[in-house]
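First comes the structure, then the notes that go with it.
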Amino acid sequence: MNGFLAIVRRDLRLAFRQGLDSLMVVAFFVIAVVLFPFGVGPQPNTLARIAPGVIWVAALLASMLSLERLFQTDYEDGSLELLALQPVALEITVMAKVTVHWLTTGLPLIVAAPLLGVLMNLPEDGYMPLMIALTLGTPTLSLIGAIGAALILGSRRGGILLSLLVLPLYIPVLIFGVSAVDVVIGGFSAKPQLLILSGLLVGALPLCPWAGAAAVRQGLE
Amino acid sequence: MFHRFANPARFLRFAAVIQPWIAGLTVLLFAVGLYLGLLASPADYQQGETVRMMYVHVPSAWMALFCYTGMAISCGVALIWKHPLADLAAKATAPVGASFTFLALVTGSLWGKPMWGAWWVWDARLTSMLVLFFLYLGYMALNNAFDDPGRGSKASSILALVGFVNVPIIKFSVDWWNTLHQPASVVKMGGPAIHASILSPLLVMGVAFTTYYLWVLLIRIRREVTANKVRALQMRQASRGEQ
Amino acid sequence: MQNHHLGSSLSLFTGTDLVCFRGGRTVFAGLGFALSPGEALMLRGPNGSGKSSLLRLMAGLGQPLEGALTWSDESIANDPEAHNARLHYIGHADPVKPVLTVTENLRFWATLRPGFGNGEDAIASALEKLGIGHLADVPGRFLSAGQKRRVNLARILAAPASLWLLDEPQTALDRAAEKNLKDAIADHRAGGGMVAISSHAENSLANARELDINQFRADSP
């Protein structure tokens, strides 16, 4: 646990001192969503209809964009191999990195989401389920993404490859995340969707750090 | 000296013996299957002659899943027991599986046009196939993304296993999403009641596709083994140059 | 962590019949070594002969294709974290984060080690031993290559570990720093520590065993 906290603390400190990374993620999130009214026209009904999907897709892309650096900088300066050589299980190290990724991207996205709901004319009933679904879904995105980020270490084409690896695996989160908002707007309960999102998170919590650690290990060999 | 693991001589001898037999069997099965499917079986009372597309589409979809399963198992064997043939088999399977998936998508689309009046409909099965196609693409891209082929095969093995765990989850969520967004009146492909006159050519074609896959697999593994030998020779030259 | 009680006649850390397969070729085969408390092993050989590969195998970054690495007759692969707890590794890169001060950098690595108690003193004295006490509060981005290397070396002095694996540690060091390093290694050995070191430098350590890796080349016809 000490090792976990030490890595979280150090990575948060790095993130804050390096400055604007999280802000850039949020900026991307906002601008990606803002493109849609230009694309489909500003009719409030159209925007309201597509709002949950657009917000979720933009959140997914924003979360993915910052994944590339999850292990990359530590890999390049030799920190990652040293982290793998500490008396801390590599799974714990990966979990710490995922936690920091969520704190610096997932959490700001959740905070920014209501603003985008306003811009997209999201019906009032949709805000609550959107926030809950994002809270349950974005950690899963960070967890799955960590595997992809570890797999591309040392490869010839990083970022674009990462999107090909990770996006298909994001589809279930997207489906249930959007559906949770849609059904509430339609007047039903989102309980099944939110339960499934929780289930995905609970499944990803032990499996992804394990697979991510295996991926880091082969990347360091 | 090649490392003994990089030189699976026993497999090569076995492959050389078995390959002509598999090739012959494939040709024979295709001849029978196509005859039964295209000439000897009746046209569908609703869909007419287009139903014959099924004899290519359904086996392709089977093989798309079969190949991914086989690939994931090979990857597991390669990771756990470090068996080099398993690595080669997985690497050789991926493009074949991707081709089957692509074939299933194209035939599905061609079949769907007269039925749905559109080239593409977000039908649950077709959508799952599309995602599977992306999983194949990701595997192949990752496999080729490293200068060291050993790194590529290890990384992509882990990806294949992660993808394999995810396939049922994706399938489930796509089905859910589909029922949510589409009226149930859409005719499901290869519906529940299959008559025997349709089933037997379908099964023959399924077996023919499988033997075809084994045939291509053998060719590709033998090619990979040869390529590895060439690579080892080049490396030996490079490391000799330094002395 | 102390191994004084083990008789020095008994080798503590051994490798037998090691085969290293990397980058599609067999780097070396049939290689063996033995290290007892207080001993040093100098790895010799031209570029590409596998000095770094051997040190990485000793550290547990990757596993030998064949052969065994044992610590008190137990395979190091059985408990990687226990092995990590008793080793320090210096690789090609110096993981010094540019936005953290030298002390912050060292403190992070030290907190991951077991039994890191009176930490601040240990860090200060490690910096003094390498002649960079004045850099304690300087951010990593202002350091030269030689200074970064000395910070990395201070890292292994700040928290004790019985096995040092040093991959060309003299890189970028001036003569005074090289002297500091030699003194540190001598201290470490006097306290029962072990060192495996690869080096191009002609000058060798006192009473060190030499291992010429070139004689284990596997690709000679």
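The figures follow:
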{"read-out": "Residue match in segment B:30-45 (condition: of a type outside the set (Lys, Arg), part of a helix (DSSP H, G or I) and in contact with a strand residue (DSSP E or B) (Cβ under 8 Å, 6 or more places away or on another chain))", "value": "no"}
{"read-out": "Counted residues, segment C:80-102 - those being at the interface with chain A (Cβ under 10 Å from one of its Cβ atoms) and not in a helix (DSSP H, G or I)", "value": "15"}
{"read-out": "Criterion violated by C:ASN214 - all others in (1) over 21 Å from C:HIS92 (Cβ atoms); (2) of a type outside the set (A, V, I, L, M, F, W, C); (3) more than 16 Å from the chain's Cα centre (by Cα) satisfied", "value": "(1)"}
{"read-out": "Flag if B:ASP147 is surrounded by fewer than 18 Cβ atoms within 10 Å (Cβ to Cβ), outside any helix (DSSP H, G or I), within 14 Å of chain A (Cβ to nearest Cβ) and on the phi < 0 side of the Ramachandran plot", "value": "yes"}
{"read-out": "Residue that is farthest from the chain's Cα centre (by Cα), among those in segment C:103-147 that are among the aliphatic types (A, V, I, L, M) and within 14 Å of chain A (Cβ to nearest Cβ)", "value": "C:LEU143"}
{"read-out": "Any hit, segment A:118-129, residues being more than 13 Å from every other protein chain (Cβ to nearest Cβ), part of a helix (DSSP H, G or I) and among the β-branched types (Val, Ile, Thr)", "value": "yes"}
{"read-out": "From A:LEU164, A:LEU195, A:LEU136, A:LEU174, residue being assigned to a helix (DSSP H, G or I), more than 8 Å from every other protein chain (Cβ to nearest Cβ), of a type outside the set (Lys, Arg) and over 13 Å from the mean Cα position of the chain (by Cα)", "value": "A:LEU195"}
{"read-out": "Options A:ALA15, A:ALA62, A:ALA51; residue that is assigned to a helix (DSSP H, G or I), within 13 Å of another protein chain (Cβ to nearest Cβ) and in contact with a helix residue (DSSP H, G or I) (Cβ under 9 Å, 6 or more places away or on another chain)", "value": "A:ALA15"}
{"read-out": "B:PHE66 being surrounded by fewer than 22 Cβ atoms within 10 Å (Cβ to Cβ) and within 9 Å of chain A (Cβ to nearest Cβ)", "value": "no"}
{"read-out": "Residue in segment A:72-95 that is in a helix (DSSP H, G or I), surrounded by fewer than 20 Cβ atoms within 10 Å (Cβ to Cβ) and away from chain C (no Cβ under 14 Å) present", "value": "no"}
{"read-out": "Subset of segment B:83-123 (residues that are without any contact (Cβ under 8 Å) to a residue 24 or more places away in the chain and not in a helix (DSSP H, G or I))", "value": "B:HIS83, B:GLY117, B:ALA118, B:TRP119, B:TRP120"}
{"read-out": "Lone qualifier among A:ILE175, A:ILE185, A:ILE196 - being out of contact with any Phe, Trp or Tyr (no Cβ under 6 Å at 6 or more places or on another chain) and β-branched (Val, Ile, Thr)", "value": "A:ILE185"}
{"read-out": "Of all residues making up segment C:166-176, the number that are under 28 Å from C:GLY60 (Cβ atoms) and not polar (S, T, N, Q)", "value": "6"}
{"read-out": "Residue, farthest from A:THR105 (Cα to Cα), within segment A:1-26, restricted to residues that are surrounded by fewer than 14 Cβ atoms within 10 Å (Cβ to Cβ) and aliphatic (A, V, I, L, M)", "value": "A:MET1"}
{"read-out": "Where B:ALA61 falls short, out of the listed (1) part of a loop (DSSP other than H, G, I, E, B); (2) modelled with pLDDT of 90 or more", "value": "(1)"}
{"read-out": "Which numbered condition C:ALA159 fails, given (1) under 27 Å from C:PHE28 (Cβ atoms); (2) crowded, with 21+ Cβ neighbours inside 10 Å", "value": "(1)"}
{"read-out": "Search result, residues across segment A:139-157 that are polar (S, T, N, Q) and assigned to a helix (DSSP H, G or I)", "value": "A:THR140, A:SER142"}
{"read-out": "Lone unmet requirement of (1) buried (at least 22 other Cβ atoms within 10 Å of the Cβ); (2) closer than 18 Å to C:ALA218 by Cα; (3) in contact with a helix residue (DSSP H, G or I) (Cβ under 7 Å, 6 or more places away or on another chain); (4) within 12 Å of chain A (Cβ to nearest Cβ) for C:LEU57", "value": "(3)"}
{"read-out": "Residue check for B:LEU12: among the aliphatic types (A, V, I, L, M), assigned to a helix (DSSP H, G or I) and more than 21 Å from the chain's Cα centre (by Cα)", "value": "yes"}
{"read-out": "Number of positions in segment C:125-147 that are in a helix (DSSP H, G or I) and touching a helix residue (DSSP H, G or I) at 6+ places or on another chain (Cβ under 7 Å)", "value": "8"}
{"read-out": "Residue count, segment C:27-52 (criterion: within 14 Å of another protein chain (Cβ to nearest Cβ) and surrounded by 22 or more Cβ atoms within 10 Å (Cβ to Cβ))", "value": "5"}
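Here is a yes/no grid of residues against (1) under 22 Å from C:ARG56 (Cα atoms); (2) out of contact with any helix residue (DSSP H, G or I) (no Cβ under 9 Å at 6 or more places or on another chain); (3) surrounded by fewer than 15 Cβ atoms within 10 Å (Cβ to Cβ):
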position: C:TRP164; (1), (2), (3): yes, no, no
position: C:GLU168; (1), (2), (3): yes, no, no
position: C:THR171; (1), (2), (3): yes, no, no
position: C:ASP174; (1), (2), (3): no, no, yes
position: C:GLU178; (1), (2), (3): no, yes, yes
position: C:ILE185; (1), (2), (3): yes, yes, no
position: C:HIS200; (1), (2), (3): yes, yes, yes
position: C:ALA206; (1), (2), (3): no, no, yes
position: C:LEU211; (1), (2), (3): yes, no, no
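The values are calculated or read from the model by the stated rules, or taken from the named source; none is laboratory data. Note that this is a predicted model, so its numbers are computed, not measured. All Cβ positions, even for glycine, are placed from backbone atoms using ideal geometry, and neighbour counts span all protein chains on display.
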